[in-house]
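Just below is one structure, and these are the notes that go with it.
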Amino acid sequence: MTDAAAREAVGRRRFLAPARAQVDRACFGHPLFTAYAAYEDLMVAGDWPAIDALDVRLALPGRQLVEQDDALLADGLHYEQRIAQGRIATRPCNWHDLFNALVWARYPQIKHALNARQCRDLHRDAPGGRTRAQAALTQFDETGVVVRVRDAALAGAWDRHDWDALFVQSADAWRNGDIAVAAVFGHALMEQALLPGRRLVGKCLLTEAEDDAQAVAQVAQAIMHGERLCDPLDLRPLPLMGIPGWHGLQDAAFYRQVDYFRPRREGRTYPPINGRTTPPRALHTPPPEPQIRSGRSAAPPRTRRPRAS
């Protein structure tokens, strides 16, 4: 399929990713994509992978990537219900869905936990509304990042939005792994990273763990048990380009850009590491939209995907 046809296949969405031929392949060398290095060929090849070939390549246990078409959607199932039955609706020639498939391959524990929680909440949903938990689950699915620390004290600067203390004064902690991105999970975040110079903000879950694998396992278990992602306020915003080595020019002027490194709102608090303090709010309260900032805000797709209804 040509790039022009691929762009047409994307349909009307709030963010339109660049055509495959227009993507600078150097972007996949950014640390945001490090965990997906084994699948680099699927991202840099000139042609899109066919859905059936992608399914064979990724070989997701208990799940099958199936091409989204009218026949598939005619079953009347919600997108998440279809996944629970083993089928992941996937649009061809589409960055968003390709990255979603790669996240399924890389972090299946978290994907299974999100799907289970979403399906549990479906019976609570109402026309024109969604639960606070559904909003949190979707924001993390689209823009989520797992961050781990070996010493809980390192979270103090983040709690205060003291970005200089978190990124500059703690640069050695980032370099030696005392604080680290354990998983870039949000596939909309990855899609936005296709555009050069994008100042991305991840919606994060923070956990205390010695290594990335332990952090991912802890987060997956906590999500499954309903201990995390019960409210969008459980998520911490993190200006990812502030992480040492994640942006080309990280001088003092860069960290003073308050439209990106935003101060903490009055009264805003965050859950403790490995837990939450905010009680679930009343059902059907409109949640804040997930955001990825790039000078001006750019939000990922809404909770209910058109393909899923």
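The values are calculated or read from the model by the stated rules, or taken from the named source; none is laboratory data. Keep in mind the model is a prediction, meaning the values are calculated, not measured. Methodologically, a virtual Cβ is constructed for each residue, glycine included, from the backbone with ideal geometry; neighbour enumeration extends over all protein chains shown. Keep in mind that these areas ignore ligands, DNA and RNA; they rest on the heavy atoms of the full protein, side chains included. Shrake-Rupley method; radii C 1.70, N 1.55, O 1.52, S 1.80 Å.
Overview of values
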| read-out | value |
| --- | --- |
| Residues satisfying the stated conditions in the range 156-173, i.e. among the hydrophobic types (A, V, I, L, M, F, W, C) and out of contact with any strand residue (DSSP E or B) (no Cβ under 9 Å at 6 or more places or on another chain) | ALA157, ALA165, VAL168, ALA171 |
| Tally of residues being out of contact with any helix residue (DSSP H, G or I) (no Cβ under 7 Å at 6 or more places or on another chain) and open to solvent by 80 Å² or more (accessible area, probe 1.4 Å) across the range 250-273 | 7 |
| Helices (runs of 4 or more DSSP H) within the range 49-104 that include 3 or more residues under 21 Å from ALA188 (Cβ atoms) | 51-58, 79-84 |
| Total residues in the range 13-24, condition at pLDDT below 95 and open to solvent by 70 Å² or more (accessible area, probe 1.4 Å) | 2 |
| Yes/no for LEU229 being touching a helix residue (DSSP H, G or I) at 6+ places or on another chain (Cβ under 6 Å), at pLDDT 95 or above, part of a loop (DSSP other than H, G, I, E, B) and open to solvent by less than 10 Å² (accessible area, probe 1.4 Å) | yes |
| Boolean, ARG63 is crowded, with 20+ Cβ neighbours inside 10 Å and at pLDDT below 95 | no |
| Filter result for THR143 (hydroxyl-bearing (Ser, Thr, Tyr), over 25 Å from GLY267 (Cβ atoms) and touching a residue at least 24 places away in the same chain (Cβ under 8 Å)) | no |
| Selection count where residues are over 20 Å from TRP246 (Cβ atoms), buried (at least 19 other Cβ atoms within 10 Å of the Cβ) and in contact with an Asp or Glu (Cβ under 8 Å, 6 or more places away or on another chain), scope the range 25-60 | 1 |
| Considering residues of the range 169-226 that are surrounded by fewer than 23 Cβ atoms within 10 Å (Cβ to Cβ) and of a type in the set (Asp, Glu) only, the residue nearest to the chain's Cα centre (by Cα) | ASP212 |
| Odd one out for ASP75 among (1) surrounded by fewer than 20 Cβ atoms within 10 Å (Cβ to Cβ); (2) under 21 Å from the mean Cα position of the chain (by Cα) | (2) |
| Per-region count, the range 80-111, residues over 13 Å from the mean Cα position of the chain (by Cα), under 17 Å from ASP55 (Cβ atoms) and of a type outside the set (D, E, K, R) | 12 |
| Residue among ALA153, ALA133 that alone is without any contact (Cβ under 8 Å) to a residue 12 or more places away in the chain and open to solvent by 10 Å² or more (accessible area, probe 1.4 Å) | ALA153 |
| Pairs, first modelled with pLDDT of 95 or more in the range 44-56, second loosely packed, with under 13 Cβ neighbours inside 10 Å and not polar (S, T, N, Q), C-beta under 6 Å, six or more apart | VAL44/ARG25 |
| The range 194-212 residues that are within 30 Å of ALA19 (Cα to Cα), paired with ones that are surrounded by fewer than 23 Cβ atoms within 10 Å (Cβ to Cβ) and of a type in the set (Phe, Trp, Tyr) (beta carbon under 8 Å, 6 or more apart) | ARG199/TYR260; VAL201/TYR260 |
| Looking only at the range 234-249, and only at residues there that are surrounded by 11 or more Cβ atoms within 10 Å (Cβ to Cβ) and of a type in the set (Gly, Ala, Ser), the one that is farthest from the chain's Cα centre (by Cα) | GLY245 |
| Odd one out for GLY226, checked against (1) among the small types (Gly, Ala, Ser); (2) touching a residue at least 24 places away in the same chain (Cβ under 8 Å); (3) closer than 23 Å to MET190 by Cβ | (3) |
| Qualifying residue in the range 167-174 (condition: closer than 25 Å to MET43 by Cβ, assigned to a loop (DSSP other than H, G, I, E, B) and modelled with pLDDT of 95 or more) | no |
